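Written out below as structure tokens is the structure these notes cover.
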Amino acid sequence: MDDPRWLSPQEQRAWRTHLAAHRLLSHQLDRELHEAGLSLNDYEILVNLSERPRRRMRMSDLADATVQSRSRLSHQIARMEDAGLVTREHCEDDRRGTFAVLTGRGWETIQRVAGDHVEGVRRHFIDRLTADQVAALEAIYRPIVDHLQRVRAGKTA
């Protein structure tokens with residue numbers, strides 16, 4: 001096996017800064033959503049469902065969209081069902097398939113919470129950067145996201 005290509009000091013700082021920013025931002029946004037009775041995972045699911053026709057998605061597609069295992073998503077949806085935010089429906093055309101469906105309460109919740117969440121994203125992330133830095137950040141992360149989506153789909157290593 002070849003020796004690893006160790007990170008340079010600058011690469012190490014950049015990597016650790018990325019990790020710290022991601023963890024701290026996720027923690028802060030999750031904390032703010034918790035005040036509204038949601039987790040960041042709950043919010044992501046509600047957003048995905050709210051943006052779909054009939055406010056529903058196949059569970060397998062929702063797992064892919066939220067980068068969760070089918071099992072983990074199933075447990076998450078069960079908790080959200082208990083809270084009245086979503087329901088499950090069987091697929092008419094595929095007896096093995098199941099849809100996650102946003103309930104009226106889930107729709108009201110996302111409408112109530114979205115503005116505050118976006119304000120938190122602005123306050124803790126967007127407003128810390130210039131417009132050029134936001135554009136650069138998108139340009140920086142796009143090839144990484146594209147690569148990792150291909151890896152996840154098994155199309156490359």
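Please treat every number below as a calculation from the coordinates, not as lab data. No experiment lies behind these values; they were computed from the predicted model shown. For neighbour counting, all protein chains shown are included, and Cβ atoms are generated from backbone atoms with ideal geometry for every residue, glycine included.
For a bin width of 10 Å, list the pair-distance distribution of the range 21-117 built from all Cα-Cα distances, rounded to whole %.
16, 50, 29, 6, 0
For the range 75-134, what's the radius of gyration and Dmax over Cα atoms, in angstrom?
17.3, 50
Any idea what the dipole of the range 21-117 comes to, in debye rounded to 20, about its Cα centre with Lys/Arg Cβ at +1 and Asp/Glu Cβ at -1?
220
Within a 10 angstrom radius of the beta carbon, how do 6, 15 rank from fewest other beta carbons to most?
Neighbour counts put them in this order, fewest first: 6, 15.
Between residue 31 and residue 107, what FRET efficiency follows from the Cβ-Cβ distance if R0 is 22 Å, with the result rounded to 0.05?
It comes out at approximately 0.40.
How many angstrom lie between the C-alpha centres of the range 128-146 and the range 13-55?
Their Cα centres are 18 Å away from one another.
Modelling each spin label as a point 7 Å along the Cα-to-Cβ direction, I'd like the residue 136/residue 54 distance in nm, to one decimal.
If labels sit at residue 136 and residue 54, their model points lie 4.7 nm apart.
Measure nothing but the geometry: give the 0 to 90° angle between the long axis through the Cα atoms of 40-50 and the longest principal axis through the Cα atoms of the chain, rounded to 10°.
In the chain, helix 40-50 runs at an angle near 60 degrees to the longest axis.
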